[in-house]
Structure formats: C-alpha cells, structure tokens
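The values are calculated or read from the model by the stated rules, or taken from the named source; none is laboratory data. Please read all numbers here as calculations on a predicted model, not as lab measurements. Note that we place each Cβ from the backbone using ideal geometry, even for glycine, and neighbour counts take in every protein chain shown.
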Amino acid sequence: MYQDAALQSLEDHKRENAQFTHSLDFSNFSFPAHDQFSAFRSAYQGVMDLSAVLDDPQSFPARQRVWNLNRLVFLRTELPGGGRSHRRKHLKGGSLDHWYISLPFRAARDRPEAERAVPELHCLATPFETELDHDGVLTLFIPQDLFASTGGLFPMPDGKVERGLGKLLADYLFLLDRSLADLRSEEIPALAEATRSLVAACLAPSRDRLAEARAPVDATLLARARRLIDGRLGDRSLPCEMLCAELGVSRSRLYRLFGAHGGIASYIRKQRLLRARDALSDMADTRSISRIAEEWGFMDASAFSRTFRHEFGISPKEARDIGWANMGFVVARDYDRHQGAQTLYQVLRATDRT
C-alpha cells in the first residue's frame, strides 16, 4: 500500500512539474535573405496581410513564437528593426474576429521597455492598417466571447491604451513574455485567469473588475514565488526579505499567498523533502541518505527520517528501495491540446467558440 501511494505521489509530482512549452516557434533565419520577408509574411496567412515597405528588402530576419493560454493566445514576434519597416493590414472578410492587444517595442538599453512601449487595442474584424519598424512586438489575442461572464467587456474602441492602466498593461505583457518559458503546465489555468481579469480591469476599469483581478493576480504571484523558492532550495537560508523584494510585495502579503500551503516555511520544507525523495529514488545517485538529506537542509538524520515518513508514509530507506526497484515511475509529459495546429491562424481558430 505504501509503495502504491509513493508511486502515485511521484507521478503527481512529475505531472505538476511538466514544463509548459510554446505551440509554435517559427523563424526565417535559414532562408536566403531575399526570401525571408515572404516566409515571414506566410506565418500570418489567414490572420492579417503583411507587406514590405521596400519593394525588394535585402533581408528580413524574424522569429514568431506562439503560446496558447487556455483560449488566450500570446505571440512574441522578433523583428529586424534598424529602420526595416513593414505594413500590417487587417483582412477584408477574414474569418477571425478576435480582439488583440499589440505592444510594439524597441530594444534600446537606456530606458526600460515599458516606459517607451504603449499598448494598442484592435479587432481583426474591423479595418486597420499600420506600419512597424520596431525591434519586436508582443501580441495578446482575445476571442470575442471570452468576457461574457463580465457582462460584456467589448466592443471597445480601437486605439492606444495610455496613462496608468496602459502602463500597467504594458508591464504585465513584458512580465508575461519573460515568464512563460519558466512556467509549468499546472500554472497555466491560473495565469490565463489572471491575464483575463487584468485585461478587463485595464481596458474597462471598474471597482468590481479591479476586485475580480485580485485573486488571479495573487495566484500568479504565488506561482512566481514558488519558482523563486524552487530555484534556491539548496540555500540553507531562504530569507523572506529576498522573496518580498523579488516579488514586490509586503511580508504580510507573502504569508497570505502561502496560507493554503500551511505557510511559507511549510511549503519550503515540503519542496525540500520532494527534492530529497527524487534523489533517493534516482538509481544513479549513490550518495548516502544522510548526505542527500544534508544537501536539502536536513542536518539531523533522525529528524529527517521522522519528517520524511510523516510526509510520504514511508521511510527514506523504503523510498530508495522503491526507486532502485525500477517500478516504472512515469514522467507525465505536457499534452498539447492543439497538436494539429501548424500556423498562427490554426491556433487562433482553435480558441474561437463563437
């Protein structure tokens, strides 16, 4: 019974830690220079029409990465910049009617990106044309029906989202861009809800929407805090002051974030026990049990054994025996809900329920 429970617990742990990956990653770097823009344009086929400002651009190196966030679609496009402009135009009679937030940015080093970048809101179903010569653009695509539960956020006017809420929205999109590659699959539902609530609060602010955004934003902060902790579990001391500074929150709010985990100290102890258990179950790790315990901050062997048994229902030695018996631990891999999607258009179509 204990072995079955341990196996299930290990499988759950692996599944929870499955890495989140992008749905698409396209670049034209390997194409001949004179074909690069045509390849880049094809990546937007069915979504919008792209055209070069120059009739025959000598080169146009670009990369497109697409992340599916439970019907929200986040796109990072890296552009050549340096004055190499291109035009974007909505398709007349296109089949997509998503709203999208566009955040063009420049890679200057003298000021933070968010101070220069201003988000814009547009709808693929309405006429629009613009010219970009930026170093990149972040885009968040939003299905028309996603805000039905809020009483109908849209339609909203096209145009720039400026001032304080626009700055908040830009900051959040840059944070999203930096964070996605480090997220786990289990964190995506909370992140998607946080994004939905924050977008609603920024584009159509109200007391209720600002209140609604608090819980999912807290969930996102918790996910960030967990990543910070997981990256420093080997440190004997994990000061709360460091976590508060990294997250930009007060000590009291940090404690509230971990309330459901029994407190931050309890969470850190549990994660260290999980790391120790993983090491004990690794057939290639021949270190002694006490040595592994010390690596994860447990200096008293007897106390470690008691704590380990209390957490997992088996002793550290039993965990090692189970792991070395090679009883088929399964690493759950991330399941791509859109395995057949090969283009941005197909990913967006998969999110459309209207």
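Quick notes on this structure:
- Condition met for Leu146 (assigned to a loop (DSSP other than H, G, I, E, B) and modelled with pLDDT under 85): no
- Qualifying positions in the range 280-299 - in contact (Cβ under 8 Å) with a residue 24 or more places away in the chain, within 16 Å of Ser315 (Cα to Cα) and surrounded by fewer than 17 Cβ atoms within 10 Å (Cβ to Cβ): Asp282
- Test: residue in the range 86-104 that is closer than 25 Å to Leu54 by Cβ and at pLDDT below 85: no
- A count restricted to the range 22-51 and to residues that are more than 25 Å from the chain's Cα centre (by Cα), under 12 Å from Ala62 (Cα atoms), of a type in the set (A, V, I, L, M) and crowded, with 16+ Cβ neighbours inside 10 Å stands at 1.
- Looking across the range 105-118 at every residue that is surrounded by 13 or more Cβ atoms within 10 Å (Cβ to Cβ) and part of a helix (DSSP H, G or I), the one that is modelled with the highest pLDDT is identified as Arg116.
- For the range 278-294, residues that are at pLDDT 90 or above and either touching a Cys at 6+ places or on another chain (Cβ under 8 Å) or charged (D, E, K, R) (or both) total 3.
- Extreme residue, farthest from Lys317 (Cα to Cα), among residues of the range 235-277 that are touching a residue at least 40 places away in the same chain (Cβ under 8 Å) and out of contact with any Lys or Arg (no Cβ under 9 Å at 6 or more places or on another chain): Arg236
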